[in-house]
């Protein structure tokens, strides 16, 4: 299998890299320290067409594929993960479920604004009492005439409370299956719907320039036509959504891991100790060599998973492997990059300080490392 990029893919990668270095890097630290959402950067990404990368042109998309999105995420995350996760969640968790499972009317209503970056969508899966146990969903939706009445809450939902947020797709228990298990469906809840409350933003360790909120639903009524996909298929739909999202998170993780290499190589050439650049010392050389090895290997893993996804082949195990390895590589590289930088690695003014704070969530979000190991082992027949 040839993982060399085509000319078009290289052009996309290079244009996003240039944007990240010239437009994101100089300003993102200030947004990060204020815990402020970078609206101007998001608008610029919209003009570049990044929010429509894997979506068809008929809905305003770029007509690309999921691999194109992953390339963009890697380059953004080499500079900042808050911006990268904003794009990842907007597409993987926001727009893609509507494209994959929506009716023609739902697609025509929502996708043009989402692909243009003029609106954002959230994906309400996780609940305060149920994280990895998504089957424990407690939020409920009851069909009352021609309306769904939604009650419950969701936690840690990205892109759910910005001025651009237009909707959140929520999973809810809508009945009981013949075998006694919960019937879970997905329902579109537009922003501003009475009974839908966006709680104050979290005080987070990392991803401080991204938007994350708890959501509550109190007799929140939406039209019956807001059901996304088939009734009772919500569980299967979000499993597919998460499989795709794990490839994207792997790409984002590789970006952070590679950013740690970039910054460490630069610093090792500038910082002097004992009369020499610290990059002359084998201890530093080997540390950075190991960091590059992790980033390179993780990249191959997500390239393989993305290639299988795009080709329509089974990719669940490969997505889990890529997400597991890349996220743990990112955490290790962030720790090692901080060590290379010494005291400056503990300062937020240096990118590696931000990388260190951002890395840990990659082992948790969109399926913890433990969940990935469970998926891999079960796919092996264990």
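Here residue 55 does not qualify as within 23 Å of residue 333 (Cβ to Cβ) and either touching a helix residue (DSSP H, G or I) at 6+ places or on another chain (Cβ under 9 Å) or not assigned by TED's automatic domain parsing to the domain that holds residue 227 (or both). The set of residues in the stretch 26-61 that are surrounded by fewer than 16 Cβ atoms within 10 Å (Cβ to Cβ) and over 19 Å from residue 211 (Cα atoms) comprises 26, 47, 56, 57, 58.
Just so you know, in the stretch 52-73 the residues that are in a helix (DSSP H, G or I) and either in contact with a strand residue (DSSP E or B) (Cβ under 9 Å, 6 or more places away or on another chain) or touching a residue at least 60 places away in the same chain (Cβ under 8 Å) (or both) include one that is nearest to residue 256 (Cα to Cα), and it is 73. The condition of being closer than 26 Å to residue 231 by Cβ and either within 17 Å of the chain's Cα centre (by Cα) or surrounded by 17 or more Cβ atoms within 10 Å (Cβ to Cβ) (or both) does not hold for residue 64. Can you spot a residue in the stretch 332-342 that is within 22 Å of residue 35 (Cα to Cα), in contact (Cβ under 8 Å) with a residue 24 or more places away in the chain and assigned to a helix (DSSP H, G or I)? Yes, there is a match, as at least one residue in the stretch 332-342 is within 22 Å of residue 35 (Cα to Cα), in contact (Cβ under 8 Å) with a residue 24 or more places away in the chain and assigned to a helix (DSSP H, G or I). If you take the residues in the stretch 285-320 that are under 22 Å from residue 244 (Cα atoms) and free of Cβ contacts under 8 Å to residues at least 12 places away in the same chain, which one is surrounded by the most Cβ atoms within 10 Å (Cβ to Cβ)? The qualifying residue surrounded by the most Cβ atoms within 10 Å (Cβ to Cβ) is 308. Of the residues that sit in the stretch 348-367 and are within 12 Å of residue 82 (Cα to Cα) and out of contact with any helix residue (DSSP H, G or I) (no Cβ under 8 Å at 6 or more places or on another chain), which one is surrounded by the most Cβ atoms within 10 Å (Cβ to Cβ)? Selected residue: 361. A single entry from 192, 161 fulfils the requirement of being in a loop (DSSP other than H, G, I, E, B) and either free of Cβ contacts under 8 Å to residues at least 24 places away in the same chain or surrounded by fewer than 17 Cβ atoms within 10 Å (Cβ to Cβ) (or both): 192. Among the residues here, residue 247 does not qualify as within 30 Å of residue 326 (Cα to Cα) and not in a helix (DSSP H, G or I). Screening the candidates 256, 227, 309 for the property of being modelled with pLDDT of 95 or more and in the same structural domain as residue 152 (by TED's automatic domain parsing) yields one hit, 227.
The values are calculated or read from the model by the stated rules, or taken from the named source; none is laboratory data. Quick caveat, the model's predicted, so the values are computed rather than measured. Neighbour counts are summed over all protein chains in view; Cβ atoms, including those assigned to glycine, are modelled from backbone coordinates with ideal geometry.
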